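Below: the structure, in structure tokens.
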Amino acid sequence: MEEKQQPNIPEIFLSPYNPVNHENSLYKMWEDSGYFNPDKCVEDGIADRDAETFSIVLPPPNVTGILHMGHAAMLAVEDILVRYNRMQGKRTLWIPGTDSAAIATQSKVEKLVSKEEKKSRHDLGREEFLKRVDVFVEDSKATIVNQIKKMGSSLDWSRYAFTLDDQRYKAVMTAFVNMYNDQLIYRADRIVNWDPKGQTTISDDEIVHEERQGKLYTFKYNKEFPITIATTRPETKVGDTAVAVNPDDKRYQKYIGQTFDFVFCDVPVSVTVVADTEVDPEFGTGAVGVTPAHSKIDWDIADRSNIIRRPQVINEYAKMTVAGRLNNLKVEAARAEVVKWLEEEGLLEKIEDTIQNIATAERTGGIVEPLPKLQWWIDVNKKFTLKHSEITGIESGSEVTLKELMIKAVENGDTDIFPERFKRVYFNWIENLNDWCISRQIWYGHRIPAWYKDGETKVQIQSPGADWEQESDTLDTWFSSGLWTFSTLGWPEQTDDLKTYHPTTVLETGYDIIFFWVARMILMSTYHLGQVPFKNVYLHGLVRDEKGKKMSKSIGNVIDPLNMIEKFGADATRLSLIVGAAPGNDVPLSEDKIRAYKKFANKVWNISRFILTSIDDADWRQTPELTKRDNEILTDLRKNILEVTEDIERFSLYLGAEKAYHYVWHELADKVLEESKDILNGDNMSEKYARQYVLKECLVASLKTLHPFMPFVTETIWQELPKELKDHDILMVAKWPIGE
């Protein structure tokens, strides 16, 4: 572009745009303005006191972590929505926070203590160990908050929340006591997912299934036993109390109800043949050895068949607890010993290779052992009286279950999910939902408010007295996270924030935690408030490398967002994560893609310099006489604004970003500016002024429509605009240019 220097053009435009020179100071300006806070926007007349609200909670990143590209994508999407709605004049609230991530945090601090002090948490004791955790958490919080700011996230930091702060503690304790009093929380012995490495229970959703090579062993318990069974875990058969067969399987009907006693690998075993319609007669031998204490499926079979005996033969350290040759062996060694014994006894009929779906703990990598444990549970199928309801189709005072609430909230449209296909995934998960084990055998977290003395139990927020002993277990992190939309707004108090901003407008998160978090938030909010937690759920995909592979340190294909911000700027990083990223779809990302959007930021910079140079001598007091072409340009501008607006409203941010990008580069720069040069340099002053007016309109509107996507470069340019061209000193709170 040919430059036409004018004396009043700011010196800033004499150099190429360098994000590093502007981003930190701009964020400080935004923060200092107070306009991240909707109360300040109302106070200064940017939003009307009775204006529509837009509210969203930040999915709280773990205090143990650092910003990765998944976080960056989430922050980009949410900040686009927030900045757009703030510019629409809505009372816009984006609540920041961080998550204690109890298991992950405790695990990390335990490793540090072991490495630096050569001690375990038990050596330190609970109180001293938790002091170490608190120091670590405070340091980690500061790190992650600073990284969030680097992305340009316009969060209301005055409302910052932490899942373990005092206000959230009160909310969690109140929620637990209320659900216990409604008999929705109970304590019972049931099969849990036990992590022998982390020494705690974990939820179904914290399990990572890994395909591994295994063996399928087909054998009989002894030579007199009439039924052959098959299993991948023969070491558990010393804990069998039944053999289940399908009642219609004629091979085994005559044995149903019979009990057989024998010694299996040194262990006395007694099994009863039971009928169960869940057994597939076509799979394997059609007979299943039932080990109630070490399989959720077998536990349920035992329940249906009224089998009382459920001996535990594996302990919390994944070691055998039976007498004889298996005593104290690790399960793998015990498996080999049982197979050896079967071969010696002539009971092993065949060994086949098979693929096993091994359950491992997400945080520690330990192989999960199903064990019977006394734990705290949420009953998702128990009827209770819903005291208050704003949920479509459910009246206050209705008898409902938590499952029904979770289904109705989405089924009746109170909460919508984007993209649509994930509704089916959501419903399928809830239909198969079991009672939720909410207790964890760790020290860091919300300690369960149950108190014991002389066989008596009391559940209340405060201790009943000095001689009462508190439950040592803590709550599953997802229990406190499930309260996030309303605990961050001051619940259990009925605060103005809660009345104003709840239900929140949208929850934006990755599709991979629709079960972990989305469903549990709906459970908690519908129960405690009789409201859905959010009206919309926007699910983004995973960020992968340019070949579509998962980013992994071991592979070496991780792209660090902080490095990208340093090299190319936050705007380029944000735009690279939005364009081409349809809701629910994974995003391929490369450094070249980010570099390309850095070039676009430079293009916006150069366009702005050209236009500001070209209109510097304009007299805005005149009324322009627009030509037909001038009107066409403004019509195209308004059409683009309208399309971008509609795309953002529909959560099609990727389309809105692409259209805003295409208009500025290919319409404004390639066509309008090129054809304007002759007019601006010509002798027809009326046409020149008209075109100056048009270019001014194009520049101001384009900066506004690009701002949610690229806040830094647009705000930098906005700060250099003549005052008479701006409707506010700060672009972040300027009025959105509604297309007509």
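For region 270-286, the candidate set comprises residues that are among the small types (Gly, Ala, Ser) and in a loop (DSSP other than H, G, I, E, B); within that set, the residue that is nearest to Val339 (Cα to Cα) is Gly284. Within region 133-171, can you find the residues that are free of Cβ contacts under 8 Å to residues at least 60 places away in the same chain and small (Gly, Ala, Ser)? Ala142 - this is the single residue of region 133-171 that is free of Cβ contacts under 8 Å to residues at least 60 places away in the same chain and small (Gly, Ala, Ser). The number of residues in region 59-97 that are in contact with a strand residue (DSSP E or B) (Cβ under 6 Å, 6 or more places away or on another chain) and closer than 27 Å to Ala660 by Cα comes to 13.
Do you know which of the residues in region 679-691 that are under 13 Å from Phe610 (Cβ atoms) and touching a helix residue (DSSP H, G or I) at 6+ places or on another chain (Cβ under 6 Å) is surrounded by the fewest Cβ atoms within 10 Å (Cβ to Cβ)?
Leu680
In region 584-631, the qualifying residues are those that are among the charged types (D, E, K, R) and within 17 Å of Met69 (Cβ to Cβ), and the one that is modelled with the lowest pLDDT is Asp586. Pairs linking a residue in region 29-45 that is of a type in the set (Ser, Thr, Tyr) to a residue that is exposed (fewer than 15 other Cβ atoms within 10 Å of the Cβ), with Cβ atoms under 7 Å and 6 or more positions apart or on different chains, do not occur. Out of everything in region 309-336 that is in a loop (DSSP other than H, G, I, E, B) and small (Gly, Ala, Ser), what residue ends up being surrounded by the fewest Cβ atoms within 10 Å (Cβ to Cβ)? My answer is Ala323.
Taken over region 372-417, the residue count meeting the criterion of being modelled with pLDDT of 95 or more and on the phi > 0 side of the Ramachandran plot is 2.
Criterion applied to Trp468, Trp491 was being of a type in the set (A, V, I, L, M, F, W, C) and not assigned by TED's automatic domain parsing to the domain that holds Arg49, and the one residue passing it is Trp468. Applying a threshold of 6 Å to beta carbon distances and a minimum spacing of six or more residues, or different chains, the list of pairs starting in region 660-675 at a residue that is part of a helix (DSSP H, G or I) and ending at one that is among the β-branched types (Val, Ile, Thr) reads Ala660/Val644; Ala660/Thr705; Ala669/Ile607; Val672/Ile633. Within the option set Leu112, Leu75, Leu67, being crowded, with 22+ Cβ neighbours inside 10 Å, in the same structural domain as Ala142 (by TED's automatic domain parsing) and either of a type outside the set (Gly, Ala, Ser) or assigned to a strand (DSSP E or B) (or both) holds for one residue only, Leu75.
Can you go through Thr163, Thr98, Thr143, Thr105 and tell me which one is in contact with a Gly (Cβ under 8 Å, 6 or more places away or on another chain) and among the β-branched types (Val, Ile, Thr)? Steps first, answer last, please.
Working: Thr98 fails: in contact with a Gly (Cβ under 8 Å, 6 or more places away or on another chain); Thr143 fails: in contact with a Gly (Cβ under 8 Å, 6 or more places away or on another chain); Thr105 fails: in contact with a Gly (Cβ under 8 Å, 6 or more places away or on another chain).
Thr163 is the lone residue from the list that is in contact with a Gly (Cβ under 8 Å, 6 or more places away or on another chain) and among the β-branched types (Val, Ile, Thr).
For the criterion of being assigned by TED's automatic domain parsing to the domain that holds Leu81, over 19 Å from Leu489 (Cβ atoms) and of a type outside the set (Val, Ile, Thr), Leu124 passes. Within the bounds of region 730-738, is there any residue that is under 23 Å from Ile12 (Cβ atoms) and without any contact (Cβ under 8 Å) to a residue 40 or more places away in the chain? Looking through region 730-738, at least one residue is under 23 Å from Ile12 (Cβ atoms) and without any contact (Cβ under 8 Å) to a residue 40 or more places away in the chain.
Please work out which residue is nearest to the chain's Cα centre (by Cα), limiting yourself to region 518-574 and to residues that are part of a loop (DSSP other than H, G, I, E, B) and under 16 Å from Thr415 (Cβ atoms). It comes out as Pro533. Given the condition in contact with a His (Cβ under 6 Å, 6 or more places away or on another chain) and in contact (Cβ under 8 Å) with a residue 40 or more places away in the chain, answer yes or no: does some residue in region 679-699 qualify? Checking region 679-699: not a single residue is in contact with a His (Cβ under 6 Å, 6 or more places away or on another chain) and in contact (Cβ under 8 Å) with a residue 40 or more places away in the chain.
Look at (1) crowded, with 19+ Cβ neighbours inside 10 Å; (2) closer than 28 Å to Asp156 by Cβ; (3) of a type in the set (S, T, N, Q); (4) touching a residue at least 60 places away in the same chain (Cβ under 8 Å) and you find that Ser525 fails only one, number (4). Here Ile442, Ile417, Ile367 are screened, and the one residue that is farther than 22 Å from Tyr186 by Cβ and surrounded by 20 or more Cβ atoms within 10 Å (Cβ to Cβ) is Ile417.
Being basic (Lys, Arg) and touching a strand residue (DSSP E or B) at 6+ places or on another chain (Cβ under 8 Å), is that true of even one residue in region 424-437? Within region 424-437, not a single residue is basic (Lys, Arg) and touching a strand residue (DSSP E or B) at 6+ places or on another chain (Cβ under 8 Å). Could you please find all residues in region 545-583 being within 15 Å of His71 (Cβ to Cβ) and of a type in the set (D, E, K, R)? Result: Asp560, Arg574. In the set Glu343, Glu395, Glu390, Glu411, which member is more than 29 Å from Asp182 (Cα to Cα) and not aliphatic (A, V, I, L, M)? Step by step, each of Glu343, Glu395, Glu390, Glu411 is checked, and only Glu343 is more than 29 Å from Asp182 (Cα to Cα) and not aliphatic (A, V, I, L, M). Does region 316-324 contain any residue that is in contact with a strand residue (DSSP E or B) (Cβ under 9 Å, 6 or more places away or on another chain), in contact (Cβ under 8 Å) with a residue 24 or more places away in the chain, under 17 Å from Val245 (Cα atoms) and of a type in the set (Ser, Thr, Tyr)? For region 316-324, residues in contact with a strand residue (DSSP E or B) (Cβ under 9 Å, 6 or more places away or on another chain), in contact (Cβ under 8 Å) with a residue 24 or more places away in the chain, under 17 Å from Val245 (Cα atoms) and of a type in the set (Ser, Thr, Tyr): absent. Residues that are buried (at least 23 other Cβ atoms within 10 Å of the Cβ) and among the hydrophobic types (A, V, I, L, M, F, W, C) within region 487-505 comprise Leu489, Trp491, listed in sequence order.
Scanning region 370-389 for residues that are buried (at least 17 other Cβ atoms within 10 Å of the Cβ), within 26 Å of the chain's Cα centre (by Cα) and part of a loop (DSSP other than H, G, I, E, B) returns Asp379, Val380.
Here's the yes/no breakdown for (1) surrounded by fewer than 18 Cβ atoms within 10 Å (Cβ to Cβ); (2) of a type in the set (Asp, Glu):
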| position | (1), (2) |
| --- | --- |
| Arg629 | yes, no |
| Ile633 | no, no |
| Asn640 | no, no |
| His662 | yes, no |
| Tyr693 | no, no |
| Leu699 | no, no |
| Glu720 | yes, yes |
| Leu731 | no, no |
| Ile738 | yes, no |
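Here's a check for you: in region 17-45, which residue that is touching a Phe, Trp or Tyr at 6+ places or on another chain (Cβ under 7 Å) and in a loop (DSSP other than H, G, I, E, B) is farthest from Asp571 (Cα to Cα)? It comes out as Phe36. Which residue out of Val313, Val380, Val368 is under 21 Å from Tyr221 (Cα atoms) and of a type in the set (A, V, I, L, M, F, W, C)? From the options Val313, Val380, Val368, the qualifying one is Val313. Scanning for something closer than 15 Å to Thr488 by Cβ and in a helix (DSSP H, G or I), does region 173-192 turn up at least one residue? Scanning region 173-192 turns up at least one residue that is closer than 15 Å to Thr488 by Cβ and in a helix (DSSP H, G or I). When you scan region 665-685, do you find a residue that is of a type in the set (Phe, Trp, Tyr) and closer than 29 Å to Phe54 by Cβ, even just one? No; the residues of region 665-685 include none that is of a type in the set (Phe, Trp, Tyr) and closer than 29 Å to Phe54 by Cβ.
Quickly run through region 492-532 and pick out the residues that are basic (Lys, Arg) and farther than 26 Å from Asn85 by Cα.
Arg520
The values are calculated or read from the model by the stated rules, or taken from the named source; none is laboratory data. This is a predicted model, so every value here is computed, not measured. Neighbour counts run over all protein chains shown; Cβ positions are idealised from the backbone, glycine included.
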